[in-house]
Ligand SMILES: [Zn+2]
């Protein structure tokens, strides 16, 4: 079964490991990058999801730890400490990146 990027619809590149399988949108585009980690036993079960959206060069990152029940939002890939932790699963609507961008910025402002 092919897995597709929900943002650009390309087929995701597959990277298998022992207990998990990583899929990502490759090569990364300027405006977004999408990656997910699924269970090796059941590929419909998402363990982690990481999305970068960067319209107008403002990078925004979202990582969802479905396996651990929390999410993270950040803007600077070189600054681990700037990550904002959100203590729940934030379900992103990847069909509306503008709205998602606004939502993520709100988390950054009010943290
Ligand atoms: Zn994509």
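Peptides 32-38, 5-11 ranked from most to least packed give 32-38, 5-11, packing being the mean of other C-beta atoms within 10 angstrom over each peptide's residues. Legend: calculated FRET efficiency, residue 88 to residue 39, from the Cβ-Cβ distance at R0 = 22 Å, rounded to 0.05, equals 0.60. Between 0 and 90 degrees, the angle of helix 97-109 with respect to the longest Cα principal axis of the chain falls at about 60 degrees.
Helical content alone sets the calculated 222 nm signal of the chain at -3500 deg cm²/dmol, taking -39,500 (n - 2.57) per DSSP H segment of four or more residues and averaging over every residue. Take the Cβ atoms of residue 106 and residue 8, set R0 to 25 Å, and the FRET efficiency comes out at 0.50.
Inter-part distance, the range 47-70 to the range 77-111, computed on C-alpha centroids, equals 7 Å.
We did not get these values from a lab; they are worked out from the coordinates using the rules stated. Quick caveat, the model's predicted, so the values are computed rather than measured. All Cβ positions, glycine included, derive from the backbone under ideal geometry; neighbour counts span all protein chains shown.
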